[in-house]
Amino acid sequence: MKSRRQSFILQLVKEHEVETQEELMTLLRAEDFQVTQATISRDIKELRLAKVPNGKGGYKYALPQGATKGDLNRRARRVFEDYVKDVDFSGNLLIIKTYPVGAHAVAAVLDELEWPGVAGTLAGDDVIVLIVRSEAEQDQQRPPGQAGILYERLLELLRR
């Protein structure tokens, strides 16, 4: 339960501007985590979350900046032990089957690892699809054909 809660906290901190322990507690309770302020405080310390400027004159919790690859690998191993049931593949797609509600925590840790060759992860409730670039795609700047045109358009929208 602790590992699941802490993985969810990491996900919340990535996706929301969480400014206080009370706000974090509210977000966790909305997802049916039964937590106290003391539990939140311990989790923040164990996860080594830091308060950083939010750009609006306040502060927000952020992931540790100095996390080593060893730290990330230990966290990934712990999350896999807690949530993952099976791993399979089809072509350049890796399929990770988890227990219900475990996929997001596992995908978040995989994203943090930033493995080369991984184009991205897609998480449902109990399954993750990890998309792996082919050997030929590893050095390409953009996909070929129509996908490349759409890719450039998406990047242009992102820059605006």
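The values are calculated or read from the model by the stated rules, or taken from the named source; none is laboratory data. Computed from a predicted model, the values in this text were never measured in an experiment. A quick note on method: Cβ atoms are made from the backbone with ideal geometry, for glycine too, and the neighbour counts reach across all protein chains shown. Please note that ligands, DNA and RNA were not included when accessible areas were found on the heavy atoms of the full protein model with its side chains. Shrake-Rupley method; radii C 1.70, N 1.55, O 1.52, S 1.80 Å.
Okay, here's what the table says:
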| read-out | value |
| --- | --- |
| Output for the range 22-41, where each listed residue is assigned to a helix (DSSP H, G or I), within 15 Å of residue 11 (Cα to Cα) and open to solvent by less than 80 Å² (accessible area, probe 1.4 Å) | 23, 24, 25, 27, 28, 30, 40 |
| Residue pairs meeting the criteria (Cβ under 9 Å; at least 6 apart or on separate chains; first assigned to a strand (DSSP E or B), in the range 42-61; second modelled with pLDDT under 85 and among the basic types (Lys, Arg)) | none |
| From the options 142, 153, residue that is open to solvent by 90 Å² or more (accessible area, probe 1.4 Å), more than 22 Å from residue 3 (Cα to Cα), among the basic types (Lys, Arg) and part of a helix (DSSP H, G or I) | 153 |
| Failed item in (1) at positive phi; (2) touching an Asp or Glu at 6+ places or on another chain (Cβ under 9 Å), with residue 99 passing the rest | (1) |
| Some residue of the range 106-120 being closer than 24 Å to residue 15 by Cβ, within 17 Å of the chain's Cα centre (by Cα), at pLDDT 90 or above and open to solvent by 70 Å² or more (accessible area, probe 1.4 Å) | no |
| Test: residue 77 is over 26 Å from residue 17 (Cβ atoms) and touching a residue at least 40 places away in the same chain (Cβ under 8 Å) | no |
| Residue in the range 84-103 that is out of contact with any Phe, Trp or Tyr (no Cβ under 9 Å at 6 or more places or on another chain), open to solvent by less than 50 Å² (accessible area, probe 1.4 Å) and over 30 Å from residue 139 (Cβ atoms) present | no |
| Flag if residue 12 is free of Cβ contacts under 8 Å to residues at least 60 places away in the same chain, farther than 19 Å from residue 98 by Cβ, touching a helix residue (DSSP H, G or I) at 6+ places or on another chain (Cβ under 6 Å) and part of a helix (DSSP H, G or I) | no |
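Every residue, every condition in (1) at pLDDT 85 or above; (2) more than 22 Å from residue 125 (Cβ to Cβ), yes or no:
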| site | (1), (2) |
| --- | --- |
| 17 | yes, yes |
| 20 | yes, yes |
| 29 | yes, no |
| 40 | yes, yes |
| 68 | no, yes |
| 75 | no, no |
